[in-house]
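Here's the structure, in structure tokens; my notes come after.
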Amino acid sequence: MGLARGWKRSSVAAATVLVGVAAWVVPASGSAPLHLAEDGGEVCMEGRTDATVGIAMLDHPTGDPIVVSAVSAPGDGVRIVDAFVVRYPHGASDPVRYGTDEWPVPAHWGEPAPALGASVAAGDAADLVVHVRRDARDGGTVGPVRVAYTQGARLWSETTGTEVSLRAHC
């Protein structure tokens, strides 16, 4: 009886390990397939509690689609609430990028798709739109924004130069 009980535990442990190995994503090294606009710099928006900031998703000309798996940033008085993908109907040649704006995303940008799990095919023109909210009365800053994504079985992560401040006075 003790042997059967031990066998069941071992089988469950082995199955868990096998499932974990099957879902394992290989961390990537080398040149990342997606290049985010890293020159975002610091943005200060005065008098706002909520705002959105666009980060251009650039240079994904070939290969498998990329799938966004995480968007994060350290913050002090401001935090990321959510992230979306805004697509450009005219492609990468469209001169107007998202930039900064109010919350919710203005209607002229179309319906933003949730970023987590969003797939961006090679050649698609899209911006990552980060919704930030001020939590502290005096405001604060969040950033730099870090984006994790997969392409096939490879996991990639990039950190942008984008930092956002929401303050009563900039």
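Observations
- Extension gain (nm, one decimal) between R146 and V67, 0.36 nm per residue minus Cα-Cα: 27.0 nm
- Cα gyration tensor, region 71-170 - rounded (a/c under 1.5), prolate or oblate: oblate
- In sequence order, region 131-143 has phi-based couplings of 8, 10, 9, 7, 9, 8, 4, 7, x, x, 9, 10, x Hz under the Karplus curve 6.51 cos²θ - 1.76 cosθ + 1.60, θ = phi - 60°, and Gly or Pro positions carry x.
Bear in mind these aren't lab numbers, they're just calculated from the coordinates by the rules spelled out. None of these values were measured; they are calculated from a predicted model.
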